[in-house]
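Have a look at the structure below, then the notes.
The values are calculated or read from the model by the stated rules, or taken from the named source; none is laboratory data. Everything numeric in this text was worked out from a predicted model, so none of it was measured. Cβ placement follows ideal geometry from the backbone for every residue including glycine, while neighbour counts extend to all protein chains displayed.
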Protein chains: 2
Amino acid sequence: MRTIFTAEMSELRDDLIAMSHLVHTAIANASEALLTENIELAQSVIAADAKLDDLEETVDERCVLLIAQQQPVGLDLRTIIASLRISASLERMGDLAQHIAESARRAYPESAVPATHREIVEGMAAASKQAAAEVAELLETRDLNTAARIVSDDDTLDDLHTRAYASLLADDYDGDAQTTLDIALMARYYERFGDHAVGVSRRIVYLVTGDHGGEGAKI
Amino acid sequence: MRTIFTAEMSELRDDLIAMSHLVHTAIANASEALLTENIELAQSVIAADAKLDDLEETVDERCVLLIAQQQPVGLDLRTIIASLRISASLERMGDLAQHIAESARRAYPESAVPATHREIVEGMAAASKQAAAEVAELLETRDLNTAARIVSDDDTLDDLHTRAYASLLADDYDGDAQTTLDIALMARYYERFGDHAVGVSRRIVYLVTGDHGGEGAKI
């Protein structure tokens, strides 16, 4: 019985890792599509999101069955409940990558990123891709240093989000409403992406250390 | 044993209903603060959000304990897992109401809503308040007609969101970047609020009928 349980917990973990790799690919490709006006790549991100939705459903069903059949307690139970939360965050991160790809597709063949904001968007693209890679690493290794790096990437994303909004409100800004909208929404998508990465990170830290670590760390 | 379990399931349900009433108050007050430049009301929405966060934590802990101590199966287990998801949605709806209150506070003593967009924002305020009231009603009654009305409110919010964005991109629009940002973000907050209301509604429909009802209906 215990062996089956251990194998099933391991499959649950593998599913979450698989989801995190899909999220990493999605955000990397969405950003590249956005910065290089690559509509095929944008389409592929949009099409790939269904796979993440399916995996989320698989994880949810697996969690319900594991609880019902194995009646876990203690850390095992908390791990399963945390997995439900993590799958929801990963699914939402995929949605946000999809929204970024949709911005790229809508603007095509133009760029959705004006030259004035290219540096900020490149910074958000890099920080979010790194955060996604670290989320995958954290799910595999449960290394707390990785968790700390995710929080630091999120700080970068928050700073760039603030800079993006400030630049839209600067006296010398003269973009049209479409550009303002594009930048405002893109900055928000990247910023929310970082929030969800931190959410995943805090749940793992809690499982490893038992420490909630403040706001947003609830299992 | 069964009696204790029934009592605890009933408390879980009461907590969710309490959360839904707080969400209803938050969105109603945030919209009123926004439309009447009432900064005290805006502050009260922002301050009250901590109570929702606490209740979410209570619900989560209650769910984990219920599963660990009572080892529920079947519909009981699915209800508990759905409750975890519903508490997360309600907490997020509270955050969105808080963001709307923050927009009102930032613009004070001016209005964050320009005259050109007042009608749209009033429409979103009304539909989101109604959706919140119906979510509370649905959690109490589990009446499927209420679930259908929530979906219809969300359609209204989606339409108004589309109208808000279209109006920002119309040839005769001449608002400044701050106004464009305010309207774009507010429209998005209300639209996401509606999405979460539908999310709650679908989870309840699934518990009552066993029918997923398509995308987003996963427990």
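Which one of these is at pLDDT below 95, assigned to a helix (DSSP H, G or I), under 20 Å from residue A:153 (Cβ atoms) and in contact with a Leu (Cβ under 9 Å, 6 or more places away or on another chain): A:99, A:117?
Values: A:99 fails: at pLDDT below 95.
When all the criteria are applied, what remains is A:117.
Which residues, counting only those in the stretch A:181-196, are among the small types (Gly, Ala, Ser) and under 19 Å from residue B:88 (Cα atoms)? Explain how you work it out, then say what you get.
Of all residues in the stretch A:181-196, those among the small types (Gly, Ala, Ser) come to A:184, A:187, A:194.
Within the stretch A:181-196, just A:194 meets the criteria.
Restricting the stretch B:63-74 to residues that are out of contact with any helix residue (DSSP H, G or I) (no Cβ under 7 Å at 6 or more places or on another chain) and part of a helix (DSSP H, G or I), which is farthest from residue B:177 (Cα to Cα)? Explain how you work it out, then say what you get.
The initial filter retains those residues of the stretch B:63-74 that are out of contact with any helix residue (DSSP H, G or I) (no Cβ under 7 Å at 6 or more places or on another chain), namely B:65, B:69, B:71, B:74.
Next, from what is left, pick out any that are part of a helix (DSSP H, G or I): B:65, B:69, B:74.
Working: B:65: 50, B:69: 55, B:74: 53 Å.
For the stretch B:63-74, the residue satisfying everything is B:69.
Could you check the stretch B:2-61 and list, in sequence order, the residues that are part of a helix (DSSP H, G or I) and among the polar types (S, T, N, Q)?
Step one: list which residues in the stretch B:2-61 are part of a helix (DSSP H, G or I), which gives B:2-36, B:39-61.
Listed by number, the residues that qualify are B:3, B:6, B:10, B:20, B:25, B:29, B:31, B:36, B:43, B:44, B:58.
Every residue in the stretch B:71-88 that is polar (S, T, N, Q) and facing another protein chain (nearest Cβ under 10 Å), please. Full working, then the answer.
Here is the first cut: in the stretch B:71-88, the ones polar (S, T, N, Q) are B:71, B:79, B:83, B:87.
Hits for the stretch B:71-88 are B:71, B:87.
Of everything in the stretch A:26-64 that's within 14 Å of chain B (Cβ to nearest Cβ), free of Cβ contacts under 8 Å to residues at least 40 places away in the same chain and of a type in the set (A, V, I, L, M, F, W, C), which residue is surrounded by the most Cβ atoms within 10 Å (Cβ to Cβ)?
A:64
Can you tell which of B:201, B:128 is touching a Gly at 6+ places or on another chain (Cβ under 7 Å), away from every other protein chain (no Cβ under 11 Å) and among the hydroxyl-bearing types (Ser, Thr, Tyr)?
Working: B:201 fails: touching a Gly at 6+ places or on another chain (Cβ under 7 Å).
Only one candidate qualifies: B:128.
Going residue by residue through the stretch A:139-146, is there one that turns out to be farther than 20 Å from residue A:34 by Cβ and among the basic types (Lys, Arg)? Steps first, please.
First, pick out the residues of the stretch A:139-146 that are farther than 20 Å from residue A:34 by Cβ: A:139-146.
This time we only want the ones that are among the basic types (Lys, Arg), so: A:142.
Within the stretch A:139-146 (the criterion being farther than 20 Å from residue A:34 by Cβ and among the basic types (Lys, Arg)), the answer is yes, since at least one residue qualifies.
Which condition does residue B:192 not pass, out of (1) over 27 Å from residue B:20 (Cβ atoms); (2) within 11 Å of another protein chain (Cβ to nearest Cβ), if it passes all the others?
(1)
Check A:157, A:181, A:96, A:168 and return the single one that is crowded, with 20+ Cβ neighbours inside 10 Å, within 14 Å of chain B (Cβ to nearest Cβ) and under 13 Å from the mean Cα position of the chain (by Cα). Steps first, answer last, please.
On the way: A:157 fails: within 14 Å of chain B (Cβ to nearest Cβ); A:181 fails: under 13 Å from the mean Cα position of the chain (by Cα); A:168 fails: under 13 Å from the mean Cα position of the chain (by Cα).
Answer to the selection: A:96.
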